[in-house]
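Take a look at the structure below.
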Amino acid sequence: MNEVTELNDLNREDEAREDLKHEADRDYPKPFEGTLDINKVMAERDELDRLLIKMCDLVARTEETNDLLKQAKDSYEKLYEELRSRIMNFEHLLKMIGDKGEYKGCGAEIYWLKSRKGKPMPITIKGINHFADCPKADNFRK
Ligand SMILES: [Zn+2]
């Protein structure tokens, strides 16, 4: 061992002693004093058992809730996909049989279709005659 390592080791020892002093200064819980009341201990153990059973029950119910939420999410996603594809099919149909346009006055996106009597009808993507839901419809009615 050379002089430098010897010095380093001494410093380390000093540091370790300082650390130990600080450890001793810490406020650790006091050790148990007095006699054990076996009935009290048993009662506390029973209470802990009850709490444990309660906790297990809560965990089980949480898992059940998560399962239900997952089912609901799956159903919602399925429904959403179905609705999306229906809307796309409907839009596709509108594009095939009507002329896409913009309703003057409100700027709504509409498709011009013809009624059986040959009258033009502005149909929205919702499948509604735009005369029925246009906020500015009154401006066009005479
Ligand atoms: Zn409108």
ask   = Of the numbered conditions (1) surrounded by 11 or more Cβ atoms within 10 Å (Cβ to Cβ); (2) more than 16 Å from the ligand (Cβ to nearest atom), Leu83 satisfies every one except a single condition; which is it?
value = (1)
note = Of all strands (runs of 3 or more DSSP E) fully inside the range 59-142, the set with 3 or more residues that are touching a Phe, Trp or Tyr at 6+ places or on another chain (Cβ under 8 Å) is 99-102, 120-123
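With respect to Leu36, is the statement that it is outside the structural domain of Ile110 (by TED's automatic domain parsing) and at pLDDT 90 or above true?
Numbers: outside the structural domain of Ile110 (by TED's automatic domain parsing): yes; at pLDDT 90 or above: no.
The answer is no for Leu36.
Counting only residues that are hydrophobic (A, V, I, L, M, F, W, C) and within 16 Å of the ligand (Cβ to nearest atom), which one in the range 86-112 is nearest to the chain's Cα centre (by Cα)?
As a first pass, look at the range 86-112 and keep what is hydrophobic (A, V, I, L, M, F, W, C): 87-88, 90, 93-94, 96-97, 106, 108, 110, 112.
With within 16 Å of the ligand (Cβ to nearest atom) added as a condition, the list becomes 106, 108, 110, 112.
Values: Cys106: 37, Ala108: 34, Ile110: 36, Trp112: 42 Å.
Here the answer is Ala108.
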Which listed residue, of Glu77, Glu64, Glu44, is modelled with pLDDT of 95 or more, under 43 Å from the mean Cα position of the chain (by Cα) and not basic (Lys, Arg) = Glu77
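Could you say which residue among Ala72, Ala16 is within 33 Å of the chain's Cα centre (by Cα) and either small (Gly, Ala, Ser) or under 30 Å from Ala132 (Cα atoms) (or both)? Lay out the reasoning, then the answer.
Details: Ala16 fails: within 33 Å of the chain's Cα centre (by Cα).
None of the other options fit; the residue is Ala72.
The values are calculated or read from the model by the stated rules, or taken from the named source; none is laboratory data. Predicted model, so just to flag it, every value in this text is computed and none were measured. Backbone-built Cβ (ideal geometry, glycine too); neighbour counts: all protein chains shown.
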